[in-house]
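Quick one: the structure is below, questions incoming.
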Amino acid sequence: MPKQPISPAVIRGQVIDSDLVEFGGRGGDISFLAPDPHKIIDRLPLGSPSKLDDLYRISFDEILDYLEELGRQLAFDRNEHMQEACELSYGTAPVTPPILRSLYQSMPAMFERERIRTWCETSVPIPYLEGWVETQANGFDVAVRAYGSRCLHVVAGNAPSIGAVSVMRGAVTRGDTIIKAPSNDPFTTGAIARTMCDFAPDHPITKHVSVAYWRGGDEEFESRLYQPHNIEKIVAWGGFASVKHVTKYIQPGLELISLDPKRSAAVVGADALESSQMLEEAAARIATDVGAVNQNACASCRLVYVMCGTDDDGIATLSKLGKLVYEKMMGLPPDLSTKPKSYDPSLKADVDALRLMDDWYEVIGGEDGEGAVIVSHTPEAVDFADALDDRTVNLIPVDTMDEILDAVDAYTQTVGVFPHELIGELRHKMSLHGAQRFVSLGYAFNGPGVIGPQDAIEPVRRMCKWIVVETPGEQSVPLWELQEGELALSP
Amino acid sequence: MASAQETGSPRTADAEVERNALGWIANPLEHFGMSNTAIHSLPREEVEATQLAAMQILLERRRAQIPVLAKLADAQEIHALHAIDDMAPLLFEHKVYKSYPISLLSKQRFDQLTQWLNRLTPYDLSAVDVSQCDSIDGWLGKLRDETPLDAATSSGTSGTMSFFPKTKGDYRLCYEGLRVQVLQKFGDAPTDADLNEKLHVMTPTYRDGHSSLGSIGPYCGEVFAKGDPDYLHIAFDYKHSADLAWLAARLNAAAAKGDVTKVDVPEALLARRGELERIRQESPALQSAFIRKMVKELNGERVLAIGVSPLFHEVASSGLAEGVSNVFGPGSRVLTGGGGKGVVLPDDWDETVKNFFGVDRLFNNYGMTEMTSLLIGCEHDHYHLPPWVVLFVLDPETGQPMPRTGSRTGRAAFFDISHDGTWGGLITGDKITAEWDTPCPCGRSSAYVEEQIVRFSELQGGDDKITCAATPAAQAEALDYLNAF
């Protein structure tokens, strides 16, 4: 029998690889070994919240020092844990090896000092993380501070960077971080945590990070761990099934921060169709947002609404754009996009059915599982729009701006827009309909990073406990000195 | 191919095979003398030789009649079949039957829908004037009145409705095939009663309708009750509305999108929302009351009962508790199936139903709207293939046909040689296990499908693979969860 890969647990600076039991192996997935969750469960919670105190004995700069060093340590060429995790993840990751390797290689850049400082400043300004921020309000002196919490992260496994994001968010908020590894990425976050144990085993940040795998929905395990005396917040990524496992434990004292599954769309304005040069550029931008990481992310574009009109000329232009998109997508560099690992057979059935209906649709490519461009001839998305994946995009002709609103609902994360100026026209109505992020088309994967808002919430602010200290001013009236009829409570 | 050398001169053998193939195409039941035993006793070689010949004839014939098939066959550059598996690239995805833009329905463009449907059927629909049609029921009724078609609708989770071109003859053949296979004892020749006796039909369904459900009443009335209205007992004396079914699907789809104002159906249909709600609320109690009433009226009669397991079980268990059992007369048949989703029946539910109705077994079948013939479950819960239904088990990943030997699990695809309303080749969304070689203890020589059948769409996701990209499965689950309250 071949040697099975191991996903060790890392708990507060200690690597645990004993009492291994087997997980996974269903539905064509690889199986792996991990420590029996029931044997380590008692070590996962922090116990007393006062144990968070060590994180308050270091400065924000020291936190940045640590993260910066972690970034250096994660350099792919020198880090054996990461190399091994990457190799093992070829079997579990939805993307192909060249893309996965490039995601691993770009991880150190996430830890750049100024990058972290900037996203903190735009989300929870650093003074609130460093100490008490004093202001005056309604005659009182008020001091506000953002405290860290004991936080459990149920992370998504479609991108290896998500565990790293969770570690960083825990560190800057001075929280205690427990990460539940997903079955589609059981190795990456553990490798990051092992790196931390290697270079700073006794550092408070290392001591406040734990990573383990248990089967999502293991009631015996989760009902013991998911208790307000163990954790205060659960950050749950991903689909309804994973969130549903969690919601039954939500109660006063245990808060859910839900990062719902999302999909993304694009809008191409009439100005972008004026010249063949613009058309080429629009195609390159669409191809990038569709093809990057093989369309496996929430930010991946799946529907493109094009203001070309629905008359014959409009459809002809759209068809031309579709062929260019296909061509550009096939030409993307292999560390950004490749032929998909496998092509969803159900999606292929959908695409092939449309191929026969050339009155209504044109299908470009897709015969070989390489990805496809579906050009609608009517102003509506294909009925399987929700299932578009594996580099399959649907271009939809529209006559009016209002029709584009159909593209957007509460599941919509990113809307890529070209020409960029069109954002001004679109963003208000689209925000009302549910869109959460507007970018220049082609930049869905090449932005400033998660600087604050994500999926229309501010997860880092939500991870904090916001504490206030109120000091009466000279004008404040003591209630105990009032007579009957003079009562004036402030809300 | 069957070896012609063994059976006589090649020419005579080929002519024989071709004659049989034409017989299967024209009316397989008549070809087999309306005999269940004859249907399921053919040697494998003969079955496959005839299947190949029939598919070859149909490929030539339909290619000239069905534009979508011509397009597919041209693209695949296939002109002749040399083996059964050569047909695999020419099977239609079941999704083809809903491959029209949704707006054609919401904008009531029945002219364009007719044009779309016309590309899928050998019958010429271009002369049908649908300009006055203002509902799906009206449109399909018009097609039924003026052409051989009786198209069948079905609606899925995405809110799209599929239209499958069946003919009235296809429906008749379906129910006649059912009669032959559930009334006749395998191994015996058909009796006069098997073929001609009037049976009471009891089904908690509708007077009419453009769907599998709606077809049970009228066609069972014709085939089992021999057209005698006093022998047809249905719960709802009206047509099962395709428009309301579509409205229900669109409402679900809109709710899943989180914006109930985006229900893109015509105003007149949206106004029927109250009617839909009322039907939804009243139906279970009315169906239950109907069965309770009918078992009293039909006490001791020979009955064909068709319904879903939970409903029959509910009536049967309360009946037994009141001391009522063996309500139907000898030779009655009870067909159950489906409806079990979300309802957990006790392990002995089938014993309860059998004791109450007074039958020694329950019949089950495997079929779908997009196929004419039903596969009837035998005494050993195997769904046997009638010889005119060619089964392909496709590799779920590659779509390639798996060898026609041993036991194979994969995606089910069929070629129904008897189907007349459209191309008979269909790729389903079902995961099945086929048994090619091990003979069934029931004595039928035909290959069969094991009882356990699931949809591939229900198998996706699973475990705790978490992704930040939204998938339809995640939303379907959300919908199920909401509907459970």
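At least 3 residues that are within 14 Å of another protein chain (Cβ to nearest Cβ) and touching a residue at least 40 places away in the same chain (Cβ under 8 Å) in each: list the helices (runs of 4 or more DSSP H) lying fully within the range B:176-284 that qualify.
The qualifying helices (runs of 4 or more DSSP H) are B:242-257.
Right, next: Looking at (1) outside any loop (DSSP other than H, G, I, E, B); (2) without any contact (Cβ under 8 Å) to a residue 40 or more places away in the chain; (3) surrounded by fewer than 22 Cβ atoms within 10 Å (Cβ to Cβ), which is the one condition that is false for B:Tyr171?
Every condition holds for B:Tyr171 apart from (2).
Looking only at residues that are hydrophobic (A, V, I, L, M, F, W, C) and assigned to a strand (DSSP E or B) in the range A:154-185, which one is farthest from A:Arg117 (Cα to Cα)?
From the range A:154-185, those hydrophobic (A, V, I, L, M, F, W, C) are A:154-156, A:159, A:162, A:164-165, A:167-168, A:171-172, A:178-179, A:181; that's our starting set.
With the extra rule that they be assigned to a strand (DSSP E or B), the set shrinks to A:154, A:178-179.
Working: A:Val154: 25, A:Ile178: 23, A:Ile179: 23 Å.
The residue in question is A:Val154.
Also: Please work out if A:Gln454 is farther than 24 Å from A:Val325 by Cα and not β-branched (Val, Ile, Thr).
yes
Could you list, in sequence order, all residues of the range A:67-85 that are free of Cβ contacts under 8 Å to residues at least 60 places away in the same chain and surrounded by 15 or more Cβ atoms within 10 Å (Cβ to Cβ)?
A:Glu68, A:Gly71, A:Phe76, A:Gln83
Can you name the condition, by its number, that A:Thr412 falls short on among (1) surrounded by fewer than 21 Cβ atoms within 10 Å (Cβ to Cβ); (2) under 26 Å from the mean Cα position of the chain (by Cα)?
All conditions pass for A:Thr412, except number (1).
Collect the residues in the range A:370-395 that are under 20 Å from A:Ala292 (Cα atoms), within 11 Å of chain B (Cβ to nearest Cβ) and open to solvent by 10 Å² or more (accessible area, probe 1.4 Å), keeping them in residue-number order.
A:Ala385, A:Asp386, A:Ala387, A:Asp389
So that you can scan it fast, the table gives a plain yes or no per residue for (1) more than 9 Å from chain B (Cβ to nearest Cβ); (2) surrounded by fewer than 17 Cβ atoms within 10 Å (Cβ to Cβ):
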position: A:Leu324; (1), (2): yes, no
position: A:Gly331; (1), (2): yes, yes
position: A:Pro334; (1), (2): yes, yes
position: A:Ser342; (1), (2): no, yes
position: A:Asp352; (1), (2): no, no
position: A:Tyr361; (1), (2): no, no
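List the strands (runs of 3 or more DSSP E) inside the range B:386-447, counting only whole elements, that have at least 2 residues being open to solvent by 10 Å² or more (accessible area, probe 1.4 Å).
Qualifying strands (runs of 3 or more DSSP E): B:407-416, B:425-435.
Of all residues in the range B:107-165 being of a type in the set (S, T, N, Q) and closer than 18 Å to B:Ser215 by Cβ, which is modelled with the lowest pLDDT?
Going through the qualifying residues, I end up with B:Ser155.
Could you list, in sequence order, all residues of the range A:206-248 that are of a type in the set (A, V, I, L, M, F, W, C) and under 21 Å from A:Ile16 (Cα atoms)?
Selection gives A:Val209, A:Val211, A:Ala212, A:Trp214, A:Phe221, A:Leu225.
Report yes if A:Gln436 is within 28 Å of A:Ala146 (Cβ to Cβ) and either in contact with a strand residue (DSSP E or B) (Cβ under 8 Å, 6 or more places away or on another chain) or free of Cβ contacts under 8 Å to residues at least 12 places away in the same chain (or both), otherwise no.
Details: within 28 Å of A:Ala146 (Cβ to Cβ): yes; either in contact with a strand residue (DSSP E or B) (Cβ under 8 Å, 6 or more places away or on another chain) or free of Cβ contacts under 8 Å to residues at least 12 places away in the same chain (or both): yes.
Spelling it out, A:Gln436 is indeed within 28 Å of A:Ala146 (Cβ to Cβ) and either in contact with a strand residue (DSSP E or B) (Cβ under 8 Å, 6 or more places away or on another chain) or free of Cβ contacts under 8 Å to residues at least 12 places away in the same chain (or both).
Just the residues that are within 14 Å of another protein chain (Cβ to nearest Cβ) and either on the phi > 0 side of the Ramachandran plot or surrounded by fewer than 22 Cβ atoms within 10 Å (Cβ to Cβ) (or both), please, taken from the range A:225-242.
Those that are within 14 Å of another protein chain (Cβ to nearest Cβ) and either on the phi > 0 side of the Ramachandran plot or surrounded by fewer than 22 Cβ atoms within 10 Å (Cβ to Cβ) (or both): A:Gly238, A:Ala241.
Anything in the range A:246-300 that is over 19 Å from A:Ala387 (Cα atoms), open to solvent by 50 Å² or more (accessible area, probe 1.4 Å) and within 14 Å of chain B (Cβ to nearest Cβ)? List them, or say none.
A:Thr247, A:Lys248
A further question follows. Name the residue that is nearest to the other protein chains (Cβ to nearest Cβ), counting only residues in the range B:82-102 that are open to solvent by less than 20 Å² (accessible area, probe 1.4 Å) and more than 21 Å from the chain's Cα centre (by Cα). Break it down into steps so the answer makes sense when it comes.
Filtering the range B:82-102 for residues open to solvent by less than 20 Å² (accessible area, probe 1.4 Å) gives B:84, B:87-88, B:90-92, B:96-97, B:99-101.
From what's left, more than 21 Å from the chain's Cα centre (by Cα): B:84, B:87, B:100-101.
On the way: B:Ile84: 21, B:Met87: 16, B:Tyr100: 7, B:Pro101: 4 Å.
Here the residue is B:Pro101.
Give the range B:114-124 a look and list any residue that's hydrophobic (A, V, I, L, M, F, W, C) and either within 11 Å of chain A (Cβ to nearest Cβ) or surrounded by fewer than 17 Cβ atoms within 10 Å (Cβ to Cβ) (or both), or say none.
B:Trp116, B:Leu120
What about B:Asp85, is it in a helix (DSSP H, G or I) and modelled with pLDDT of 95 or more?
Spelling it out, B:Asp85 is indeed in a helix (DSSP H, G or I) and modelled with pLDDT of 95 or more.
Is there a residue in the range B:311-325 that is closer than 25 Å to B:Ala225 by Cα, open to solvent by 10 Å² or more (accessible area, probe 1.4 Å) and part of a loop (DSSP other than H, G, I, E, B)?
From the range B:311-325, those closer than 25 Å to B:Ala225 by Cα are B:311-313, B:315-316, B:325; that's our starting set.
Retained after the next criterion (residues that are open to solvent by 10 Å² or more (accessible area, probe 1.4 Å)): B:311, B:313, B:325.
Imposing the further condition that a residue be part of a loop (DSSP other than H, G, I, E, B) reduces the set to B:325.
Checking the range B:311-325: at least one residue is closer than 25 Å to B:Ala225 by Cα, open to solvent by 10 Å² or more (accessible area, probe 1.4 Å) and part of a loop (DSSP other than H, G, I, E, B).
Which residue out of B:Ala152, B:Ala127 is more than 14 Å from chain A (Cβ to nearest Cβ), farther than 22 Å from A:Tyr361 by Cβ, of a type outside the set (S, T, N, Q) and open to solvent by 30 Å² or more (accessible area, probe 1.4 Å)? If you could, list the steps in order and put the result at the bottom.
Working: B:Ala152 fails: open to solvent by 30 Å² or more (accessible area, probe 1.4 Å).
Answer to the check: B:Ala127.
Of the numbered conditions (1) more than 9 Å from chain B (Cβ to nearest Cβ); (2) out of contact with any helix residue (DSSP H, G or I) (no Cβ under 7 Å at 6 or more places or on another chain); (3) assigned to a loop (DSSP other than H, G, I, E, B), A:Ala410 fails exactly one; give the number of that condition.
Condition not satisfied by A:Ala410: (1).
When the residues of the range B:346-367 are narrowed to those that are open to solvent by less than 40 Å² (accessible area, probe 1.4 Å) and in a loop (DSSP other than H, G, I, E, B), which ends up farthest from B:Ala151 (Cα to Cα)?
B:Gly358
List pairs: first residue in the range B:316-332 and outside the structural domain of B:Lys293 (by TED's automatic domain parsing), second residue surrounded by 15 or more Cβ atoms within 10 Å (Cβ to Cβ) anywhere in the structure, Cβ distance under 8 angstrom, at least six positions apart or on different chains.
Hits for this filter: zero, empty list.
Still on this model: Could you pull out the residue among B:Pro43, B:Pro28 that is in the same structural domain as B:Val17 (by TED's automatic domain parsing) and open to solvent by 40 Å² or more (accessible area, probe 1.4 Å)?
Criteria check complete, one pass: B:Pro43.
Do the conditions hold for A:Val398, that is, is it open to solvent by less than 30 Å² (accessible area, probe 1.4 Å), within 13 Å of chain B (Cβ to nearest Cβ), over 26 Å from the mean Cα position of the chain (by Cα) and not small (Gly, Ala, Ser)? So that I can check it myself, show each step before the final result.
Numbers: open to solvent by less than 30 Å² (accessible area, probe 1.4 Å): yes; within 13 Å of chain B (Cβ to nearest Cβ): yes; over 26 Å from the mean Cα position of the chain (by Cα): yes; not small (Gly, Ala, Ser): yes.
Yes, satisfied.
Looking at A:Met307 and the list (1) within 27 Å of B:Thr398 (Cβ to Cβ); (2) in contact with a Gly (Cβ under 7 Å, 6 or more places away or on another chain), which single condition is not satisfied?
(1)
Given the condition out of contact with any His (no Cβ under 8 Å at 6 or more places or on another chain), within 30 Å of A:Ile404 (Cβ to Cβ) and assigned to a helix (DSSP H, G or I), answer yes or no: does some residue in the range A:209-225 qualify? Break it down stepwise before answering.
Quick first cut of the range A:209-225, residues out of contact with any His (no Cβ under 8 Å at 6 or more places or on another chain) only: A:209-215, A:218-219, A:223-225.
With within 30 Å of A:Ile404 (Cβ to Cβ) added as a condition, the list becomes none.
Scanning the range A:209-225 turns up no residue that is out of contact with any His (no Cβ under 8 Å at 6 or more places or on another chain), within 30 Å of A:Ile404 (Cβ to Cβ) and assigned to a helix (DSSP H, G or I).
Same structure, new question: Check A:Val144, A:Val133, A:Val165 and return the single one that is crowded, with 17+ Cβ neighbours inside 10 Å and β-branched (Val, Ile, Thr).
Exactly one of A:Val144, A:Val133, A:Val165 is crowded, with 17+ Cβ neighbours inside 10 Å and β-branched (Val, Ile, Thr), namely A:Val165.
Going through the range B:130-143 one residue at a time, which ones are farther than 24 Å from B:Gly169 by Cβ and open to solvent by 40 Å² or more (accessible area, probe 1.4 Å)? Can you show your working first?
Of the range B:130-143, the ones farther than 24 Å from B:Gly169 by Cβ are B:131-132, B:134-135.
Listed by number, the residues that qualify are B:Ser131, B:Gln132, B:Asp134.
The values are calculated or read from the model by the stated rules, or taken from the named source; none is laboratory data. As the structure is a computational prediction, the values presented were derived from the model and not from experiment. Ideal geometry is used to build each Cβ from the backbone, glycine not excepted, and the neighbour counts take in all protein chains shown. To get the accessible areas, we keep the full protein, side chains included, count just its heavy atoms, and leave off ligands, DNA and RNA. Shrake-Rupley method; radii C 1.70, N 1.55, O 1.52, S 1.80 Å.
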